[in-house]
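What follows draws every value from the coordinates through simple rules; no lab data is involved. Note that the coordinates shown come from a computational prediction; the quantities given were computed from them, not determined experimentally. With ideal geometry, Cβ positions are generated from the backbone for all residues, glycine too; neighbour counts draw on all protein chains shown.
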């Protein structure tokens, strides 16, 4: 135990300081309280300097969550951009090409913009935050411009369709049979010959005797057995440089012969397994200007014969009621 002394000038000597127990307790508590307050102050200062105040901590947490949501939104923006690109490709290569409308150029579809800096409102923010907001704003506005271009294109397609109704009735844009596509257009391994060769059409799964319908107006060009593996075959000349073929049939519909005029939705034949086949199905081809093309590019309505006939009946009833 330490002793403290003071100098007594009258006695000319050092005298031991005597403390009462209560004074000792108060002195000890005061000392420790002072030390504790100093340490607490230092800790608070440290936390404020490195972690921030409670309000700053809450703000950082909120910013972190906002950044997470922003990145998710950025991912969705990228997906929308890809979808618009696919729609533009389909618009150029299917709708506009099939209808004979000049495609919209790639540069025009990019919908570029230049000139003044439209995003200077972000200049006061941190560089990383400003860059994120600039990028997102630019991409959103670019998507909006590309959508406007696509809308104008579809309006042009619609206007062309309405002003060329006769041609549109002849285009083969309907499924000839209600069935799943088994094999697509292009190079493939022949199921019977076992060699790779060009498949100039698509194959629909169909039982023997399934009805086959004309996908557009036209004139029957051929209806007989065709050598080369086609079996019973019907060819329809739709005009406007289009010819369709229906192979491996089991029978023709009544009245189907060369020179017969038909309308879209008319019954023309029944599916079968004649010719060089491994099983019953319908082989369907579209030729344009004498060359085979992918029939899937012409099924942009993707309408089955049954759906088409239903819409025709609804339209006929609607017209008779209005008259």
Inset, instruction - Highest first, please rank the peptides 180-186, 291-297 by the mean number of other Cβ atoms sitting within 10 Å of their residues. - result: 291-297, 180-186
Inset, instruction - Give me 158, 167 ranked fewest to most by other Cβ atoms within 10 Å of their Cβ, as a rough exposure proxy. - result: 158, 167
Inset, instruction - Could you calculate the contour length gain from residue 225 to residue 75, that is, 0.36 nm times the residue separation minus the distance between their Cα atoms, to one decimal place in nm? - result: 48.4 nm
Inset, instruction - For residue 155 and residue 64, calculate 0.36 nm times their separation in residues minus their Cα-Cα distance, and state this gained length in nm to one decimal. - result: 28.4 nm
Legend entry - Residues 161, 270 arranged by fewest to most Cβ contacts within 10 Å: 161, 270
Legend entry - Spin-label pair residue 32/residue 289, simplified geometry with 7 Å Cα→Cβ offset, distance in nm: 9.9 nm
Inset, instruction - Give the order of 78, 254, 91 when sorted by the count of other beta carbons within 10 angstrom, beginning with the fewest. - result: 254, 78, 91
Inset, instruction - Extending each Cα 7 Å along its Cβ direction at residue 181 and residue 40, get the distance between those two points in nm, one decimal. - result: 7.6 nm
